[in-house]
Amino acid sequence: MGCCCSRRFIAEEDGKMKFRIIDGRRFHNISNSEYFIPNDDEEADRLIRYHDAMKGFWEGLFHSPVEEKLRQGARVIDLGCGTGTWILDMAKQYPNSMFVGIDLSQIFPTEGLPSNVEFVEYNVLDGLPYEDSSFDFVHQKIMIAAFTEVQWEERVIPEMTRLTRPDGWVELLESDGYFISDGNATNRISKAFQNFLTSKGMNCKIGEEIPRLLENTNAFSEIKNKKKVIVLGKKGGKAGQETLRFCTVGINSCRIILSADMNIMPEHFDALVEIFSIEAEKTTTCLNQHRIYGHKKI
Ligand SMILES: C[S@@+](CC[C@H](N)C(=O)[O-])C[C@H]1O[C@@H](n2cnc3c(N)ncnc32)[C@H](O)[C@@H]1O
């Protein structure tokens, strides 16, 4: 969390608990969302560390050619903003622009915000209460576990398209949902995660599909897909070490659902994750990431 911002979490709304506790971790309690990763302090820490590592790995916060517009003053939205670190970094760099972060769960800061930042609790799948063409730049990252393939096609991409004004830009950063590895434990975990995503109707290769989804709207030109390979662990430098940590902590946070899906005891699953983190240093294990952006036609 930024130095001056803080978060106050509200547990109940309209008599309904806003979260569920499973295995000591806090999860959302929203019926139309398949998102299955916690929204507690441990998760916030995971997201903040990874945001910083990816900022270095991709050499900046975005690749769309929006720098000039941001300097002059633009309206920007980040969907599924999590802890809001992307928004806070952007807001500091571009004080003339206005930034909105929205998330299903209120894990973003609520107090001490810069004057050009707003965070709101909204579900992308419900449609967002902003007029068509309200934003110059619509951004979203690391949402592979948030939407089914049908939701990407019928809700998320159409909503991003609707919100982007003509001559504006959309940008997404996504990891694939599987490892490329010659390690046994790694491949078992990777397969289990892929099977779990598939069973929920999610696509572990959604990053590869997004350019086609944008193309199909007929609303964008200059669609780019930059693919980068992260080598996990020390061999991959800071990005590799942080990605290994991000994946290990993330996989651990889903230990109950993933072990049940694999039909093994959670303790057995923990041992497998432990081997994965050691194995990743010994073998070569890679993860693909995709940065996709497109220009809304005028
Ligand atoms: C893996 S986190 C990524 C957060 C942030 N984009 C980042 O890179 O740090 C996914 C985020 O998406 C949010 N999310 C999941 N489904 C959502 C939905 N339907 N609408 C809005 N946010 C959603 C989750 O609450 C979570 O904060």
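The values are calculated or read from the model by the stated rules, or taken from the named source; none is laboratory data. Here the structure is a predicted model, which means the values were calculated and not measured. Here the Cβ positions follow ideal geometry from the backbone for every residue, glycine too, while neighbour counts run over all protein chains shown. These area figures cover heavy atoms from the full protein model, side chains too; ligands, DNA and RNA do not enter into them. Shrake-Rupley method; radii C 1.70, N 1.55, O 1.52, S 1.80 Å.
Treat every Asp and Glu Cβ in segment 25-296 as -1 and every Lys and Arg Cβ as +1, leave all other atoms uncharged, and give the resulting dipole magnitude about the Cα centre to the nearest 20 debye.
740 debye
Please give the per residue accessible area of segment 147-228, computed with a probe of 1.4 Å over protein heavy atoms only, in Å².
Spelled out: the 1.4 Å probe surface of segment 147-228, per residue, equals 43 Å².
Of the chain, which part is the longest with no GluC sites (Glu not before Pro) in a loop (DSSP not H, G, I, E, B) and with at most 13 other C-beta atoms within 10 angstrom?
132-298
Which order do peptides 287-293, 224-230, 122-128 fall in by mean Cβ count within 10 Å, highest first?
Descending packing order for the listed peptides: 287-293, 122-128, 224-230.
Find how much the distance from Val229 to Glu131 grows on full extension, using 0.36 nm per residue of separation minus their present alpha carbon separation; answer in nm with one decimal.
The span from Val229 to Glu131 would gain 31.6 nm if fully extended.
As I understand it, the value is the acute angle between the Cα axis of helix 206-216 and the longest principal axis of the Cα atoms of the chain; what does it come to in degrees, rounded to 10?
30 degrees
So what is the accessible area of segment 20-111 per residue, in Å², with the probe set to 1.4 Å?
Per residue, segment 20-111 has an accessible area of 40 Å².
If you roll a 1.4 Å probe over the chain with all protein chains in place, what percent of the accessible area is carbon or sulfur?
Carbon with sulfur: 50 percent of the solvent-accessible area.
Separation of segment 229-244 and segment 253-282 by C-alpha centroid, Å?
With segment 229-244 and segment 253-282 each reduced to a Cα centre, they are spaced 20 Å.
Suppose a student asked you for the relative contact order of segment 81-184, using Cα pairs under 8 Å spaced at least 6 residues apart; what percent would you report?
Here the relative contact order equals 24 percent.
Hey, which of these cross-link pairs are over 24 Å Cα-Cα: Lys69/Lys297; Lys191/Lys228; Lys18/Lys296; Lys224/Lys297; Lys141/Lys227?
Exceeds cut-off: Lys18/Lys296.
Taking only Cα atoms, what is the 0 to 90° angle, nearest 10, from helix 237-253's long axis to the longest principal axis of the chain?
70 degrees
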